[in-house]
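For reference, the structure discussed in these notes is given below.
Bear in mind these aren't lab numbers, they're just calculated from the coordinates by the rules spelled out. Predicted model only: the values in this text are computed from it and were never measured. Note that we place each Cβ from the backbone using ideal geometry, even for glycine, and neighbour counts take in every protein chain shown.
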Amino acid sequence: MRTTIFTALMLFFGVISLSAKQLEVSSPDGQVVVKVQVNDVISWSATLKGQPMITDAVVSMTLSDKNLGKAPRLSKNAIKVIKTQIKPVVPHKDALIDDHCQELTLTFKGAYNLVFRAYNDGVAYRFVKTDANASEVMAEQMDLSFPSGAACYFTEETSTYSHNESWYPYVKLADLTEKQFCCLPLLVELPGKAKVLVTETALHQYPGMFLRSNGRGGFVTKFPPYVLETEPSRRGADRNDVITKEAPYIAKVNGAKSFPWRVFILTDNDATLVESNLTYQLSEPCVLEKTDWIKPGKVAWDWYNANNIFGVDFKSGINTETYKYFIDFASDNSIEYVILDEGWTKSTTEITACNPAIDVKELIAYGKQKNVGIVLWVLWKPLDADMTTILETYANWGAKGIKVDFMQRNDQYMVASYEQIAAECARLHLLVDFHGAFKPSGLRRKYPNVMSYEGVKGNENNKWGADITPEHNLTLPFTRMVAGPMDYTPGAMLNAHPINHKVSYERPMGLGTRCHEVAKYVVYESPLQMMCESPSIYKKEQETVDFITRIPTVWDETRVLKAAVADYIVVARRKGTTWYVGAMTDATPRKLEVSLDFLSDGAYTMTVMKDGINADRYAQDYKREVKPVDKSGRLVIDMASGGGFAAILSE
């Protein structure tokens, strides 16, 4: 919901001559400046504190009936100051967001506008088509140039048919070839400390954007074409399609349309990347009248641990007895949900009938008695074929949400499908968790029942590899998470260092220390946050479980106390009057010191989980401490290689 405090409009028609070639807009603090050149083409540049961040970015859109931005004819321009506050229904980061910027709107002959916004933490622009004509979007141009010597964390893709899960290798822009492209967000590091994060938001009825190297140290856009025909893949036909026919355009547009915001977070402080709410601020406002049924929380998850429970007198697996055990565990630990992942349906395509070994209605009723909701996993393909019937069936059973998997596409049809799923689930009071998905792009504000997205290489990869390293974990908050919440699925209790890590599909191990894993519950944002380990193992680690279950999944305030991309982070988050601190390091052992001056006046009790004295050799080693603190104190955080730290500070 949006509560307007103050909106000041300053319209300058004629202040700048319409024949002038350069227009300018700056952030409220004056440190971000955007200059727009209108000549034969439209280009723009941005500076931060006088230093170039983006240079001569050429933008345009080619429609089937006209071109937006080529041989432009400017008819008027207007500057508006926006100063409002946003109160998110589901506060992923902050319960109150100051939305303050200056907006420059350029109106062109030919029925289109180009809108720029300058914020203290970045820049955004979008095209707006104002006529009522139906047309196709043939191409969208955004040619990005950066100062010489720039590098990036390059999430390389080989196809736009993708789960959008990647690592973040550090690559010089000059070393990329024209064939290489990546998904968003893209983090670019300029010479010195400054960084630019590129992503998009308010993505509706339009394909998702990729960026391709131009081979000269810059990037151009790449979009999946409009899909005309598909056929089932020979392998995994229940979830995989082969696109057999594509249109020569990327989108169909019926009438006037505001296209997605192209978002650029500009900063010389890595903490800003994590604190920024720009992708949420620029999203469309919530369209739901009632939202009190939307309940974030933690989830006891089955698939990671392969339903491996022990110490029971029944055969564990995908059956009613095993899931009652999960529900009992969740209830005993005030965990809000249990997920029934792949295997609960009769088959992966017969998704309103149950596996004969499972009575889902009985489990939902049992969960209700125990105050535990049930979330049901479903493949996108069969869901898309009969969405209303399937979702109404789940809602009538009493399910609390769905986890939709294997979308794998970013084309216009798929983007529209995300919104259709969100809307139908909202009508039926179902939460949504998107897996096999592209990054968050604004839908979570319009439909706050959209809890989280995958689009991240997370803990599930521990089942088949040893690539989810502490360095990878320390890159994610500054890259993927900037776009929005990520379903990384933390909670591994079988913690190990590389020297004693073993890959096991059914008993996966997580790289990094126990406290590295616990800290993820403070550092990583996801209103629906998984607990991935087997309940039987969690019962042996009750002290850790008791600590994790005290940590909320939504927040009133977020402050990043120390941060360096891919190296370390210290985050303080507040819920009510209680503060939570999470710290993580990469493979380098670190000792960091931070002030507790974010606390209010008065005494606090601090409960700490920190790396044990032998955590450098035995990753599961930790120490729990309880001590009094106040705002005058300082916190010394000593972390082993791949280590972490977490604290709860309560009045």
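Determine the distance separating the Cα centre of region 389-449 from the Cα centre of region 218-250; give it in Å without decimals.
Distance between centres, Cα-based: 20 Å.
Among all the aspartates and glutamates, which ones have a C-alpha under 14 Å from Lys575's C-alpha, if same-chain residues fewer than 8 places away are not counted?
Asp94, Glu525, Asp556, Glu557, Glu651
So, counting K/R as plus one and D/E as minus one, what does the shell of residues with Cβ under 12 Å around Asp621 add up to?
+3
On a straight-distance basis, which lysines could pair with Lys193 in a cross-link, Cα separation under 23 angstrom, same-chain partners fewer than 8 positions away excluded?
The qualifying lysines are Lys35, Lys49, Lys172, Lys562, Lys591.
Considering every Cα-Cα pair within region 226-315, what fraction, in whole percent, is farther apart than 21 Å?
The proportion of pairs with Cα distances above 21 Å equals 73 percent.
Could you state the angle between the C-alpha long axis of helix 412-427 and the longest principal axis of the C-alpha atoms of the chain, as a value from 0 to 90 degrees rounded to the nearest 10?
Between helix and principal axis, roughly 50 degrees.
With a cut-off of 8 Å between alpha carbons and a minimum separation of six or more residues, what is the relative contact order of region 355-495 in percent?
That works out to 18 percent.
Please tell me the relative contact order of the chain in percent, rounded to the nearest whole number, where contacts are Cα pairs under 8 Å and at least six residues apart.
It rounds to 12 percent for the chain.
Measuring from centroid to centroid over Cα atoms, what is the spacing of region 114-145 and region 513-551 in Å?
If you average the Cα positions of each part, the centres end up 42 Å apart.
Highest first, please rank the peptides 326-338, 469-481 by the mean number of other Cβ atoms sitting within 10 Å of their residues.
Descending mean neighbour count gives 469-481, 326-338.
For region 108-121, take each phi angle, set θ = phi - 60°, evaluate the Karplus expression 6.51 cos²θ - 1.76 cosθ + 1.60, and give the result in whole Hz per residue in order, putting x for glycine and proline.
Running phi through 6.51 cos²θ - 1.76 cosθ + 1.60 with θ = phi - 60° gives 10, 5, x, 6, 7, 10, 10, 10, 10, 10, 10, 10, 5, 10 Hz.
Hey, if you put +1 on the Cβ of every Lys and Arg and -1 on every Asp and Glu Cβ in region 502-625, which of Leu596, Ala566, Thr577 ends up farthest toward the positive end of that dipole?
So the residue we want is Ala566.
Which of the three applies to region 578-650, rounded, prolate or oblate, going by the alpha-carbon gyration tensor with a ≥ b ≥ c and a/c under 1.5 meaning rounded?
Because a/c hits 1.5 or more and a/b exceeds b/c, region 578-650 counts as prolate.
Considering only Cα-Cα distances, which of the following residue pairs are longer than 24 Å: Lys520/Lys623; Lys540/Lys631; Lys80/Lys222?
Violating the 24 Å Cα-Cα cut-off are Lys540/Lys631; Lys80/Lys222.
So what's the angle, to the nearest 10 degrees on a 0 to 90 scale, between helix 514-523 and the longest Cα principal axis of the chain?
40 degrees
Could you tell me the convex hull volume per residue, in Å³, taken over the Cα atoms of region 515-614?
So the per-residue hull volume is 130 Å³.
Based on the mean of other Cβ atoms within 10 Å per residue, sort peptides 571-584, 510-523, 120-133, 386-399 so the most packed one is first.
The peptides rank, most packed first, as 510-523, 571-584, 120-133, 386-399.
Just flag the trypsin sites (Lys or Arg not before Pro) in region 300-382 sitting in loop per DSSP whose Cβ has no more than 11 other Cβ atoms within 10 Å.
Answer in residue order: Lys315.
Return the whole-Å distance between the Cα centroid of region 307-367 and the Cα centroid of region 26-97.
50 Å
Using the Cα centre of region 2-281 as origin and beta-carbon charges of +1 (Lys, Arg) and -1 (Asp, Glu), tell me which of Pro91, Leu48, Leu273 is placed farthest towards the positive end of the dipole.
Leu48
Which shape class applies to region 297-554: rounded if a/c is under 1.5, otherwise prolate when a/b exceeds b/c and oblate if not, where a ≥ b ≥ c are the square roots of the Cα gyration tensor eigenvalues?
oblate
Please report the relative contact order for region 578-650, taking Cα pairs under 8 Å with a sequence separation of at least 6, and give it as a percent rounded to a whole number.
Relative CO of region 578-650 lands at 53 percent.
Quick one: which of Lys324/Lys610; Lys70/Lys381; Lys298/Lys627; Lys66/Lys381; Lys346/Lys400 span more than 29 angstrom between C-alpha atoms?
Cα-Cα > 29 Å for Lys324/Lys610; Lys70/Lys381; Lys66/Lys381; rest within.
Highest mean first, what order results for 375-385, 527-537 on Cβ atoms within 10 Å?
Ranking, from highest mean packing down: 527-537, 375-385.
Helix-only estimate, please: 222 nm mean residue ellipticity of the chain, summing -39500 (n - 2.57) across DSSP H runs of length 4 or more and dividing by its residues, to the nearest 500.
About -4000 deg cm²/dmol.
Rounded to whole Hz and in sequence order, give me ³J(HN,Hα) for region 320-330 from the Karplus expression 6.51 cos²θ - 1.76 cosθ + 1.60, θ = phi - 60°, writing x for Gly and Pro.
Couplings: 4, 4, 4, 6, 5, 4, 4, 5, 4, 4, 4 Hz.
On a 0 to 90° scale, report how tilted helix 360-369 is relative to the longest principal axis of the chain, with both axes built from alpha carbons and the result rounded to the nearest 10.
80 degrees
Using a simple charge model, +1 on the beta-carbon of Lys and Arg, -1 on the beta-carbon of Asp and Glu, nothing else, what dipole does region 578-650 show about its Cα centre, in debye to the nearest 20?
Roughly 120 debye for region 578-650.
Here are some values of Cα extents along the principal axes in Å: (1) 81, 59, 48; (2) 95, 78, 42; (3) 69, 67, 55. Which one was computed from this structure?
Among (1) 81, 59, 48; (2) 95, 78, 42; (3) 69, 67, 55, the one calculated here is (1).
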